[in-house]
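The values are calculated or read from the model by the stated rules, or taken from the named source; none is laboratory data. Treat the numbers as computed from the prediction; the structure is a model and nothing was measured. As a convention, Cβ positions derive from the backbone with ideal geometry for all residues, glycine included, and neighbour counts pool all protein chains shown. Remember, those area values only see protein heavy atoms, side chains included, never the ligands or the DNA or RNA. Shrake-Rupley method; radii C 1.70, N 1.55, O 1.52, S 1.80 Å.
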There are 4 protein chains.
Amino acid sequence: MAVSPFDHPILSGLVGDAELAALFSVEAELATMLRFERALAEAEAAEGVIPAEAGRAIVSALDGFQPDVPKLRLGATRDGVAVPELVAQLREAVGPLHGPHVHFGATSQDVVDTGLSLRLKTVLAILEDRIGQCAAAVGKLGERHGAVEVMAHTRMQAAIPVTAARKIESWRAPLVRSMKALHATPDTLLLLHFGGAAGTLDKLQPKAGDAVRRRMAGKLGLKVPSHVMHSERDVIVGFASLLSLITGSLGKMGQDVALAAQSEVGEIRLAGGGGSSAMPHKVNPVDAETLVALARFNATLVSGMHHSLVHENERSGAAWTLEWLLLPQMIVATGAALAIATRLAETISFVPLAV
Amino acid sequence: MAVSPFDHPILSGLVGDAELAALFSVEAELATMLRFERALAEAEAAEGVIPAEAGRAIVSALDGFQPDVPKLRLGATRDGVAVPELVAQLREAVGPLHGPHVHFGATSQDVVDTGLSLRLKTVLAILEDRIGQCAAAVGKLGERHGAVEVMAHTRMQAAIPVTAARKIESWRAPLVRSMKALHATPDTLLLLHFGGAAGTLDKLQPKAGDAVRRRMAGKLGLKVPSHVMHSERDVIVGFASLLSLITGSLGKMGQDVALAAQSEVGEIRLAGGGGSSAMPHKVNPVDAETLVALARFNATLVSGMHHSLVHENERSGAAWTLEWLLLPQMIVATGAALAIATRLAETISFVPLAV
Amino acid sequence: MAVSPFDHPILSGLVGDAELAALFSVEAELATMLRFERALAEAEAAEGVIPAEAGRAIVSALDGFQPDVPKLRLGATRDGVAVPELVAQLREAVGPLHGPHVHFGATSQDVVDTGLSLRLKTVLAILEDRIGQCAAAVGKLGERHGAVEVMAHTRMQAAIPVTAARKIESWRAPLVRSMKALHATPDTLLLLHFGGAAGTLDKLQPKAGDAVRRRMAGKLGLKVPSHVMHSERDVIVGFASLLSLITGSLGKMGQDVALAAQSEVGEIRLAGGGGSSAMPHKVNPVDAETLVALARFNATLVSGMHHSLVHENERSGAAWTLEWLLLPQMIVATGAALAIATRLAETISFVPLAV
Amino acid sequence: MAVSPFDHPILSGLVGDAELAALFSVEAELATMLRFERALAEAEAAEGVIPAEAGRAIVSALDGFQPDVPKLRLGATRDGVAVPELVAQLREAVGPLHGPHVHFGATSQDVVDTGLSLRLKTVLAILEDRIGQCAAAVGKLGERHGAVEVMAHTRMQAAIPVTAARKIESWRAPLVRSMKALHATPDTLLLLHFGGAAGTLDKLQPKAGDAVRRRMAGKLGLKVPSHVMHSERDVIVGFASLLSLITGSLGKMGQDVALAAQSEVGEIRLAGGGGSSAMPHKVNPVDAETLVALARFNATLVSGMHHSLVHENERSGAAWTLEWLLLPQMIVATGAALAIATRLAETISFVPLAV
């Protein structure tokens, strides 16, 4: 199936991003969920919350554990989340003696949200890398062509001549600001979520709870928040907003390129461009247009993320599901836009104004 | 990959719809695009626009033609749309003699938009069927439980007792209105798009152009618009708006069910519900919450569809791509919501107020 | 105050519409609310629901009744709606004997939603008039300039020459479709809302309730729905969607004009345009740009209207308030866009391609 | 007029904020625009860009200068912005000798965007103050009631008992995070915009340009950006995103309060609440519902702000106008939500679970 172009065997070549999409494959998702269960078992065994043998049995069962995906699908249909069925399958794999110690004290949201944190860690690393490359490519474009005299356009009308550097800097500066914001993100975004049924780790002693949390966070390379943030989604929505700031600024660059590359304007020359099935002579600014489309896509979806802030009570099935429907696509759109913009910056050239 | 939950092997069990998603598989998409090319070749041969043998050769080559999907992906990356590469592959399959007659006078948008029309025909049929079933299920719920006395709630506070019929009718009536709107849709939505490079069928004589169009529309079971509507997207955005009206009204039903099924309220009893990994005793209103999530999802995406109305000039790559990123998911979300709401209506029961 | 440009003494000249904005003045709003109370009193007196003298006393008090607006403001702050305070003021004006019969059997939402219906009646008339004028102006533009040869542009690149008629028709046809949709709207939109506390007219006998409703609808020129639609908002959200379809199609026209009027393209000549404080020689396509801004404004707000469909239970304070925050602005934006587009169509001219 | 409830004499009592709205009155707007012109004249005179007498004449004319608002309205209609007309009026007031030196080297966007910066400075101060008060009030609520045992609810079902502190902390923590983000904002948001026609200060010598900028920034208490950011809107859109993060988190608090205050739940007692015109006994959670409405309002509008990032070329009339239509309302909504949430936190009480 390919309801979303990001999952589409053909269209993902246009708007998708294989590297980031891989993080949202079912395999990657299950792998991070099972990493949570492993870290939990190890930490709880180390702190004496579950028997040491139980811990070893769980870890051992996790080696080579292959979840039954069709059954997980049925479980998700029934429970709204795959975790209860995943835990049941894992308990069966562990066996009747130690199985009941699997997932002890945890709730579905701990598993899902921590699993997401683990993948967001890679997402952040990829995006930081990409945005650095993109800003560098735009910077180099400035070095190559910044001195070219082009026409400034205000309100869709020719204004006065400026150097291309002026335009290029308006593409690069927002990337630099977003890069800084991405750098500042990890501490608030890459959190361990472990709170149990209602965020209070009710099945663990307070002291043991804190100790387990610290151990888990250490194993998983995540931060421990001051309290469990199941129902506080501002951090994740803030991240989604940043994604849309990035694609929006790249959309401005795309729009500028498409306008400057118009047949009648010709201030930017595309190194190659889209062909037409009806007019083989055309050179369409496909990359530039895709940047605009991805900008408007994220500008649309970011709204739903902000709506998901109204996350009622200790856990909202509705608001949480809404995030799942939106965030992965926003991430992939952002990665794709950065790659496309880098390619564009590397290949376009500015054409001096005819005298 | 499964960037979108609608394409996800697990989560599609919660929010997806296999029947509708199948219409957006790459196979279904290519099949409808090739139906366009077949109808075009047949109609152009019949009208003498291309040689009769060319028509036969194209039709014959289309039997069993298997597009090279990885190459189509490369083509879409380059051209923004797979059609130029698809046409090239088809021309090669037809051979050098008749190959040049493939796709004669058509443009990529003709193929893609007509291909969508063909699938929307099935979409409409499925949605009409589903909405009929859903309205019927809600109607039967009214027959079974309409007389039960429940508490009306205004502004989140108990107001005065009413019968359940009052609440049920507020779920059914919008479905009936949307059903009528769906019935009225085909004439404007299920259009043949055949206009060539700029919508004027410049490569065909005006008379032949009209005749080819009529023949194609007959073969494909589509309507011929008064003029080519490449850049007029109000019809498709109107359809997206209707989809969101449907899911929004079902979201209201879901919200009502979740509120009435609250532990402290207990006016609605769920036949079964989601389990929790931490609290096995709970019966979570998963279906009801999913309806709310899908409502907010479509309410979010519909905005992007409205932005795509600003479709510049004779064809906007940016605005058109934006539609692809949004519409299929909105359709699948709507189909899923209708199926979920039907299941919910069939299984919930109203509990009389304790005296 | 002028938080919204539609209310702004300066900017309303750019984006606003005095005629439509007047319908959302506090005076217009209170006048329609009081028309509801008058019709209610008359109908209830005629049907014997309240004493005939009470009916006369209420009607008499309404003549020249001047609500205390600052007190209404306090009331709205406290109650979320001004009606309880308005009813209290009106009861005081009627006096202790007949005052208690004021507003008998009605609830705040009856007054507010019927008041809106009464103003929407005028809104529809104005918009129908405007859209007719706009379509006519665009049609005349086609008569004047349709034969001019211009360049078609696809994907932001020159494609092949077409006549201006092709472009103009892509502006006119969506207006004609929206005009038809506006014509078809009144039966579902212009409803009397009279349901009492929970939509069941619990304080009136069923028979009397129906009779009062019919009388009121007759007096107010509104339709009686089959049942009270307090919590079914699809009709009003459908109307909002139509508004955004209109502005979106006009935004396409605006975008096309701005692109064709670019200094380097020059296919459209503006009769006059915006001046610049820095470059007095410029002719900015202000009207065209404003059409794009208004299109994107409505495309944004329509999303919130769709979210308001999730209107929980028999009356949602949150969802209802959200409508108030969005719909009036969408209406004014639509009226303004139609007026601007008409002016644009009347004044632009197409410039033949240089040979 | 009162198209927007924020400008409405009655409804602004519910959703509005007089203190913040005052910053968007036409008077406040013109005052900040004229402060720009004064600082410009003073700085240019000090740097010898304009004659010292011209500087004095302009400053002197500005004392008591009363713009002709109806003419500004006409100007905005024509030019898309009031500045050309404002400058013309000011030049007339200065007289023919020195008038031509008014606004020297500046463009409309310099005036409008710097005028906004000046008002955003006050906005930030007010919001910081408000968010501090709100966080404090929520904190005190925790001190008063944090120990009360309440029921946690996950997925709209009773889960396990927790202390109210758990819930209260989920309201307070996002406020604290947003407070930090607000504190960090000034350096990027409170910018002097002075770039002239195309952002290059083409009419000033580079050295003089920098010196004038530094002087102006000092006079106005604003930062000088490294380059002119006319077309880079990520900073302002990031601020809008933060506003929506704030209202979204307060919307969660509102939703929680409304749910806990339900008649059947009764975990939160409202100190007073909205009355009903039909059911005088009711205590409606008006403040809580308004928080939800304002959250969804900003979650809707923030999308349009992100769309405005696609700000083509050196100045986009369309994207810039779109900001004007959205940002002031988002600011007022945020201020109002903070005030409402503070009032709510100060007045609600948690009711211990019945045993």
query = How many residues does the stretch A:64-85 contain that are crowded, with 23+ Cβ neighbours inside 10 Å, of a type outside the set (A, V, I, L, M) and assigned to a loop (DSSP other than H, G, I, E, B)?
reply = 1
Where C:L344 falls short, out of the listed (1) within 14 Å of chain B (Cβ to nearest Cβ); (2) more than 30 Å from D:K203 (Cβ to Cβ); (3) over 20 Å from the mean Cα position of the chain (by Cα); (4) not charged (D, E, K, R) = (1)
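Please pick out the residue among C:S12, C:S108, C:S4 that is surrounded by 21 or more Cβ atoms within 10 Å (Cβ to Cβ) and touching a strand residue (DSSP E or B) at 6+ places or on another chain (Cβ under 9 Å). Talk me through it step by step, then tell me what you get.
Working: C:S12 fails: touching a strand residue (DSSP E or B) at 6+ places or on another chain (Cβ under 9 Å); C:S4 fails: touching a strand residue (DSSP E or B) at 6+ places or on another chain (Cβ under 9 Å).
On inspection, the qualifying residue turns out to be C:S108.
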inquiry  = So for the stretch B:291-312 (the condition being open to solvent by 10 Å² or more (accessible area, probe 1.4 Å), assigned to a helix (DSSP H, G or I), more than 7 Å from chain C (Cβ to nearest Cβ) and touching a residue at least 12 places away in the same chain (Cβ under 8 Å)), does at least one residue qualify?
reply    = no
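Check whether at least one residue in the stretch D:155-166 is surrounded by fewer than 24 Cβ atoms within 10 Å (Cβ to Cβ), at the interface with another protein chain (Cβ under 7 Å from one of its Cβ atoms), within 29 Å of A:G80 (Cα to Cα) and of a type in the set (D, E, K, R), and report yes or no.
At the first step, the residues of the stretch D:155-166 found to be surrounded by fewer than 24 Cβ atoms within 10 Å (Cβ to Cβ) are D:158, D:160-166.
Then keep just the ones that are at the interface with another protein chain (Cβ under 7 Å from one of its Cβ atoms); that gives D:158, D:160, D:162, D:166.
Filter again for within 29 Å of A:G80 (Cα to Cα), leaving D:158, D:160, D:162, D:166.
With of a type in the set (D, E, K, R) added as a condition, the list becomes D:166.
Taking every residue of the stretch D:155-166 in turn, at least one turns out to be surrounded by fewer than 24 Cβ atoms within 10 Å (Cβ to Cβ), at the interface with another protein chain (Cβ under 7 Å from one of its Cβ atoms), within 29 Å of A:G80 (Cα to Cα) and of a type in the set (D, E, K, R).
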query = In this structure, is A:R177 in a helix (DSSP H, G or I), more than 30 Å from B:G317 (Cα to Cα) and open to solvent by 40 Å² or more (accessible area, probe 1.4 Å)?
reply = no
key: Members of the stretch D:331-341 that are of a type outside the set (V, I, T), under 15 Å from the mean Cα position of the chain (by Cα) and surrounded by 24 or more Cβ atoms within 10 Å (Cβ to Cβ)   = D:A333, D:G335, D:A336, D:A337, D:L338
task = Output the residues belonging to the stretch D:15-44 that are surrounded by fewer than 23 Cβ atoms within 10 Å (Cβ to Cβ), away from every other protein chain (no Cβ under 12 Å) and aliphatic (A, V, I, L, M).
result = D:A31, D:L34
task = Please work out which residue is farthest from the chain's Cα centre (by Cα), limiting yourself to the stretch C:267-282 and to residues that are more than 7 Å from every other protein chain (Cβ to nearest Cβ) and in contact (Cβ under 8 Å) with a residue 12 or more places away in the chain.
result = C:E267
remark   = The condition from (1) touching a residue at least 40 places away in the same chain (Cβ under 8 Å); (2) surrounded by fewer than 19 Cβ atoms within 10 Å (Cβ to Cβ) that A:G95 misses is numbered (1)
ask   = Within the bounds of the stretch D:267-277, is there any residue that is closer than 20 Å to A:R233 by Cα and buried (at least 24 other Cβ atoms within 10 Å of the Cβ)?
value = no
ask   = Which residues, taken from the stretch C:53-63, are within 21 Å of C:A217 (Cβ to Cβ) and open to solvent by 10 Å² or more (accessible area, probe 1.4 Å)?
value = C:V59, C:L62
task = Check off (1) open to solvent by 10 Å² or more (accessible area, probe 1.4 Å); (2) closer than 30 Å to A:E289 by Cβ; (3) small (G, A, S) for D:S349 and give me the number that stays unchecked.
result = (2)
ask   = In the stretch C:180-199, how many residues are crowded, with 22+ Cβ neighbours inside 10 Å and of a type outside the set (A, V, I, L, M)?
value = 5
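Quick grid of which residues meet (1) touching a residue at least 60 places away in the same chain (Cβ under 8 Å); (2) out of contact with any helix residue (DSSP H, G or I) (no Cβ under 9 Å at 6 or more places or on another chain); (3) farther than 21 Å from C:L353 by Cα:
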residue	(1), (2), (3)
C:T122	yes, no, yes
C:A135	no, no, yes
C:G146	no, no, no
C:P186	yes, no, yes
C:L190	yes, no, yes
C:F194	yes, no, yes
ask   = So which of C:A61, C:A88 is more than 27 Å from the chain's Cα centre (by Cα), assigned to a helix (DSSP H, G or I) and within 11 Å of chain D (Cβ to nearest Cβ)?
value = C:A88
ask   = Just one of the numbered conditions (1) in contact with a strand residue (DSSP E or B) (Cβ under 6 Å, 6 or more places away or on another chain); (2) under 30 Å from D:A295 (Cα atoms); (3) small (G, A, S) is not true of C:A295; which one?
value = (1)
Scope the stretch D:244-258; condition farther than 15 Å from D:I131 by Cβ and either open to solvent by 10 Å² or more (accessible area, probe 1.4 Å) or of a type in the set (F, W, Y) (or both); matching residues = D:Q255
task = Filter the stretch A:210-237 for residues that are in a helix (DSSP H, G or I), touching a Lys or Arg at 6+ places or on another chain (Cβ under 9 Å) and open to solvent by less than 30 Å² (accessible area, probe 1.4 Å) and give the result.
result = A:A217, A:L220, A:D234, A:V235
